[in-house]
Each structure stands twice: as C-alpha cells, then as structure tokens.
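A.B. asks: Here's a structure for you.
The values are calculated or read from the model by the stated rules, or taken from the named source; none is laboratory data. All of these numbers come straight from a predicted model, not from anything done at the bench. Neighbour counts are summed over all protein chains in view; Cβ atoms, including those assigned to glycine, are modelled from backbone coordinates with ideal geometry.
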C-alpha cells in the first residue's frame, strides 16, 4: 500500500455515532455545577431528574399545616422528633394549593432579605501529571510534582484553619435563628462549605416573620475519610453534594406534611428511618434523597431540618444521619 | 512535565464540546489501535476527556495541550493493557462492528497487531501528524530510534514510501 493511501484510509477511521454521543453526554453531565447557592436556587438541582421542589419557600410554607397523628420521642434524648407526611404533587397542583391557601410565594421571594456568613470554599479537584499520576495536594491547596517540588495554585490562606473558619461562620449564621451550630463535626472535617457560605434569609409570610439558614457542602477529597479513593469512586465522590436548610417554626410542629413536586413519572419511595441516636427521619428517596426532621425543644423551640443529598446511596445517607446528635444542649454537637 | 497550574473545576459547556470535537477522532484511533476493542476504547476516551476538560493543568499553548492529551491517552491504554493483558486478548473479530469500510477495517486490524513500540511511532506520525523530531521529544527516545521504529512499523504494515 502506498503511504498516501494509508494516510487517506486513516482519515476515514472515526468513532461511530453511538459512542460519540455517549461519551459527549457523559462528559457534559460530569460535575459541571459551580457549587454556588445562587446557581442551586436558580437552576433547581442539576442531578435531580424526577423530584424537585417548586421553590424552597413552597416546601416550607406548606409544611406548617397540621394534620394530626402520632408523636415519636427520640429515645433517650430530650428533643422530640416527629413524623412528616411527604406528599407528591405536580407543579400545577402545587400552584393551586398556594392559591387556595393564599400563599404568595412571589411576595415572599421579593421581600426576602439575605445575609451571608463567609464566602465558602472554592472546590479544588485532583490534578494529574502527564503520566496520569494524581498530584499530591496539601491542606493549603498547593499541588506538588511527584518529585516533591511545589506548584503554586491559588493557595488557601486559611489552610488548616479552614475547618474552624467554616464552623465559626456556621455558629454566626445559626445564632441568627437562635440555635447552636447543628452541623455535625464529621461534615466540617470531611466536607467544605460551598461557595456562597452560610445563607441566612428572612421574610414575612402572612405578616409573620419567616427565617432560615441554608448551606451546602461538597466533599474534600484529600480528607482522611476519602483520601484512599481513586478512579470511578473518586469521580463519584466529586459529584456529591449535601444541602442543609434549618427553619425554626413558632407554632406546633407535630404531624405536619410537606409537598414535593414531581416531574414526570413518580418513581420515588417515601419512608422513615430512626438514626442510631434516636432521631426520626422522614425520607423521600429518588435519584436525589431528601430528609426531613421535625424537632421540638424546650430550650430552642420548634423547627425543621431538611437535608438533601445528591449522588448518594441511601446507605451513605443513613451513615451521615447517624452522626447527627440532636440533644437538648445542641452545643455538644 | 508540563504542569504549570491546576485549572479551575468550572468549564463552559461550549469549551467542553470544542475540546471534545477537536480531539475525538484522533484519540479514538490511538486508543483503538492499542486496546483493539470498542468498549475499552470508550472507557479510555471517557477517562482521557474527563481529565482534559476537568482536571488538566493550564497549557501554555494548544500544542502542549495536544501533546498532553495524547500522552494521557497512550498511558491509559498502556495501563489498561498492563492490567488485563493476560486475560484479555485483542478480539479482532470486533473490528467488523466498529469499522464498516473494508479498507479501514484491514488497516486498523494491522495496526492493532503491531508491536507496541512500533505502534506508538506509527500513530504519532500518521494519526497525530507529528514530525520525527517531535515524536522523539514526546516519547523521550532518539530521532534515529524513531526513524528505525517507523521503518520497521511500515515494513510490517507493508507501506511503501513515496518519493
């Protein structure tokens, strides 16, 4: 064969359309979110295919309607936790419910005041050298060649103080709603607060003040918990996100319900789980897992904790829920 | 090594598509030539493009980027073959499903069977379009070694040089 002919044949060799489309789709869906709370609020959740909230406010407003039922005590704890009835509706049905109950979501959103505590952290993923070896990253975010020489890469001024900084911002944000920091140490030690920091928001619904604190976390792949992960396990880890929304409530919290809007076919499961420390969790499991905890405390009042997990298995979620310790003196967390 | 600075995690969809389209066929031919089957080739390309789009360093030039992604792809292929060589032989019969044109199928079949050291030089010369001096740079071997390997590769592929 002539060399020219060989080159021409090689030019004709291309990947087929199926492979082409599959790789491209996987590539575009790979970890493209920017972790910011603003993006989360505006775009809903990228990884959630079937279930989503119409808005954050909708879920919170509707959770306050009491429907009656049993009360569950958290065993051995001084805080009571209660079941939440999780109902699913279409977006049209939710809008109708808002109209019936005269809940003005637009007004709530327009009047909402937001205060941020901390900027959060920029995600720094793994980098590789030309041999495909992962480069070591230290606690300041610096990268190192395999020979040990340093590569400066936007060092984090907080370095080892990052955990204390995140906790301190959390303390201040929680203080706005009259609570101690409810995020477990395990989360601060192995996850970082995402960009946007802790977000305190305040508004009025039917003339009554409504406040909450929101924060999202992404896993820190260099933390001891995750540092052994490689390949697909590491890639999966980098897609994981946890959102916390804590809402104090100044009325009875027993036996409430919450509406979730479902997009497309409803293939999710709803059930409850009691953690090893006796906290009753109400779970909605789809490809996105949402957990509601309604609590009542003589010292801190009533409220709801909502946790949302993206890219987690239910076993991973339960392991994290087991680390929550809602005792009467929350400060022991 | 060409690493200068770790890139940000964020990358626009437009840029991902641009990078993907720029390299997809070249890397497909390289990866397929090494692993010889569609499924492993797909996994390797997926991994290579994820590294390029989300975890690559900042490159000083497009040429550096091209060299980097070729090296990454070849290393992924070699790692794959190193891991599975004893239990995964190259299933040449799969070529029918991947390459519909007979002349392409025959050429790819010959390239897949080439010994590794000739294959790298042939791929970099004919698929990536590098000159002998550049291949010497990329593979860290002398220019005369590149010339020798190209000659032996051509002989095995029965390629006749033109004047």
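A.B. asks: Of (1) over 20 Å from residue B:139 (Cβ atoms); (2) in contact (Cβ under 8 Å) with a residue 12 or more places away in the chain; (3) under 16 Å from the mean Cα position of the chain (by Cα), residue B:46 satisfies all except one. Which?
C.D. replies: (2)
A.B. asks: Out of the residues in region A:128-160 that are closer than 19 Å to residue B:53 by Cα and at pLDDT 75 or above, state the one that is nearest to the other protein chains (Cβ to nearest Cβ).
C.D. replies: A:143
A.B. asks: Return a yes/no flag: does region A:161-178 have any residue that is at pLDDT 75 or above, more than 30 Å from residue B:139 (Cα to Cα), in contact with a strand residue (DSSP E or B) (Cβ under 9 Å, 6 or more places away or on another chain) and assigned to a loop (DSSP other than H, G, I, E, B).
C.D. replies: Within region A:161-178, one or more residues are at pLDDT 75 or above, more than 30 Å from residue B:139 (Cα to Cα), in contact with a strand residue (DSSP E or B) (Cβ under 9 Å, 6 or more places away or on another chain) and assigned to a loop (DSSP other than H, G, I, E, B).
A.B. asks: Quick check: anything in region A:112-123 within 11 Å of chain B (Cβ to nearest Cβ) and under 28 Å from residue A:238 (Cα atoms)?
C.D. replies: Taking every residue of region A:112-123 in turn, at least one turns out to be within 11 Å of chain B (Cβ to nearest Cβ) and under 28 Å from residue A:238 (Cα atoms).
A.B. asks: Still on this structure: Could you list, in sequence order, all residues of region A:1-17 that are part of a helix (DSSP H, G or I) and either under 19 Å from residue B:33 (Cα atoms) or modelled with pLDDT under 75 (or both)? First the steps, then the outcome.
C.D. replies: Going residue by residue through region A:1-17, those that are part of a helix (DSSP H, G or I) are A:3-12, A:17.
Residues satisfying the conditions are A:3, A:5, A:6, A:7, A:8, A:9, A:10, A:11, A:12, A:17.
A.B. asks: Here's a follow-up. Please go through region A:83-126 and pick out each residue that is on the phi > 0 side of the Ramachandran plot and at pLDDT 75 or above. Steps first, answer last, please.
C.D. replies: In the first step, residues of region A:83-126 are kept if they are on the phi > 0 side of the Ramachandran plot; the result is A:102, A:118, A:120.
Correct list: A:118, A:120.
A.B. asks: A further question on this structure: Give the number of residues within region A:286-296 that are part of a strand (DSSP E or B) and surrounded by fewer than 20 Cβ atoms within 10 Å (Cβ to Cβ).
C.D. replies: Of the residues in that region, 1 qualify.
A.B. asks: Against the conditions (1) free of Cβ contacts under 8 Å to residues at least 24 places away in the same chain; (2) crowded, with 21+ Cβ neighbours inside 10 Å; (3) within 18 Å of residue A:133 (Cβ to Cβ), where does residue B:51 fall short? Just the number, please.
C.D. replies: (2)
A.B. asks: OK, next. Go through B:74, B:69 for me and flag whichever is crowded, with 19+ Cβ neighbours inside 10 Å, within 19 Å of residue B:139 (Cβ to Cβ) and at pLDDT 90 or above.
C.D. replies: B:69 is the lone residue from the list that is crowded, with 19+ Cβ neighbours inside 10 Å, within 19 Å of residue B:139 (Cβ to Cβ) and at pLDDT 90 or above.
A.B. asks: Those residues that are in a helix (DSSP H, G or I) and either modelled with pLDDT of 90 or more or more than 9 Å from chain A (Cβ to nearest Cβ) (or both), I need them from region B:30-41; list them, please. Reasoning before the result, please.
C.D. replies: Pass one, region B:30-41, residues in a helix (DSSP H, G or I): B:30-35, B:38-41.
Matches in region B:30-41: B:30, B:31, B:33, B:34, B:35, B:39, B:40.
A.B. asks: Filter region B:79-93 down to residues that are within 14 Å of another protein chain (Cβ to nearest Cβ) and out of contact with any helix residue (DSSP H, G or I) (no Cβ under 7 Å at 6 or more places or on another chain) and give me whichever is modelled with the highest pLDDT.
C.D. replies: In this case the residue turns out to be B:79.
A.B. asks: Also, I was wondering about something else. Restricted to region A:23-43, and to residues that are surrounded by fewer than 14 Cβ atoms within 10 Å (Cβ to Cβ) and more than 7 Å from every other protein chain (Cβ to nearest Cβ), which residue is modelled with the highest pLDDT?
C.D. replies: Step by step, filter region A:23-43, then rank; the result is A:25.
A.B. asks: Related question: From the list B:110, B:96, which residue is in a helix (DSSP H, G or I) and at pLDDT below 80?
C.D. replies: B:96
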